[in-house]
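Enquirer: Sharing a structure, written as structure tokens. Questions coming.
The values are calculated or read from the model by the stated rules, or taken from the named source; none is laboratory data. What you see is a predicted model, and the numbers here were worked out from it, not measured in a lab. Positions of Cβ are generated from backbone atoms using ideal geometry, with glycine treated the same way; all protein chains shown enter the neighbour counts.
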Amino acid sequence: MLMNPVAVTFRAAIPDDAAPLAAFAERTFREAFGPDNTPENMDLYCSGAYTVAQLRSELKDPTRHVVLAVRGGDLVAYAQLCAGRAPDCVTGPDPIEIVRFYVDARWHGHGLATSLMVQTIAAAERRGARTVHLAVWERNARAIAFYRRLGFAKVGSKPFILGTDPQTDEIMVRPVWF
């Protein structure tokens with residue numbers, strides 16, 4: 001069924017969103033990466049990253065901003081920004097990181113990801129950023145292609161530990177303006 005992104009509303013998350021966001025975030029992470037990783041490593045990573053307490057703490061953190069995409073009361077996508085020190089390979093001015101960017105699989109191919117990115121970059125600009133960067137698993141070809149279509153370019157890489165498995169993320173960057 002073709003879903004209309006116009007029917008989606010975007011808003012900033014608040015600490016009361018922690019429980020539904022934790023459930024959604026863990027589900028979409030597992031859907032994206034579970035098939036290519038061991039259940040043990042997925043469980044180990046998710047047990048720390050996606051608890052309600054962890055998400056509530058992130059939602060209260062003034063260096064973070066979460067954009068939710070909601071349709072009919074249901075969470076369908078989200079992105080999280082985090083201000084902080086950027087990797088040395090990120091050389092653009094006033095950087096901010098997109099630390100999470102997930103869309104429910106039922107919405108893939110319907111334009112929601114692009115709409116979410118527009119909202120996320122607008123939120124980054126409102127926070128004073130002029131450069132956005134993100135890390136994406138080197139084996140996530142679909143995401144890498146999407147980011148490239150939106151003007152992101154690879155500038156480096158960094159390690160990512162999933163459970164006990166060392167992996168490599170590509171670092172991609174672009175200016176905030178479209």
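Enquirer: Looking at region 8-49, which of its residues are acidic (Asp, Glu) and either closer than 17 Å to Ala79 by Cβ or buried (at least 17 other Cβ atoms within 10 Å of the Cβ) (or both)? Steps first, please.
Expert: So in region 8-49, the residues acidic (Asp, Glu) come out as 16-17, 26, 31, 36, 40, 43.
The answer is Asp17, Glu26, Glu31.
Enquirer: Is it the case that region 140-156 has a residue that's of a type outside the set (A, V, I, L, M, F, W, C), at pLDDT 95 or above and touching a helix residue (DSSP H, G or I) at 6+ places or on another chain (Cβ under 7 Å)?
Expert: no
Enquirer: Taking region 17-39 on its own, how many of its residues are of a type in the set (S, T, N, Q) and either modelled with pLDDT under 95 or part of a helix (DSSP H, G or I) (or both)?
Expert: So the count comes out to 1.
Enquirer: Kindly indicate whether Gln119 is touching a residue at least 60 places away in the same chain (Cβ under 8 Å) and either surrounded by 13 or more Cβ atoms within 10 Å (Cβ to Cβ) or over 24 Å from Glu31 (Cβ atoms) (or both). So that I can check it myself, show each step before the final result.
Expert: Working: touching a residue at least 60 places away in the same chain (Cβ under 8 Å): yes; either surrounded by 13 or more Cβ atoms within 10 Å (Cβ to Cβ) or over 24 Å from Glu31 (Cβ atoms) (or both): yes.
Taking the combined requirement at face value, the residue satisfies it.
Enquirer: Identify the residue in region 140-160 that is part of a strand (DSSP E or B) and of a type outside the set (A, V, I, L, M) and, among all such residues, is surrounded by the fewest Cβ atoms within 10 Å (Cβ to Cβ). Full working, then the answer.
Expert: Of the residues in region 140-160, the ones part of a strand (DSSP E or B) are 153-160.
Now narrow it down to the ones that are of a type outside the set (A, V, I, L, M): 154, 156-160.
Working: Lys154: 15, Gly156: 15, Ser157: 14, Lys158: 11, Pro159: 9, Phe160: 15.
Only one residue tops the list, namely Pro159.
Enquirer: While we're on this one: Here are some conditions: (1) touching a strand residue (DSSP E or B) at 6+ places or on another chain (Cβ under 7 Å); (2) farther than 22 Å from Tyr50 by Cβ. Leu134 meets all but one. Which one does it not meet?
Expert: Among (1) touching a strand residue (DSSP E or B) at 6+ places or on another chain (Cβ under 7 Å); (2) farther than 22 Å from Tyr50 by Cβ, Leu134 violates only (2).
Enquirer: Take the residues in region 161-178 that are surrounded by 15 or more Cβ atoms within 10 Å (Cβ to Cβ) and part of a loop (DSSP other than H, G, I, E, B); name whichever of them is modelled with the lowest pLDDT.
Expert: Selected residue: Val176.
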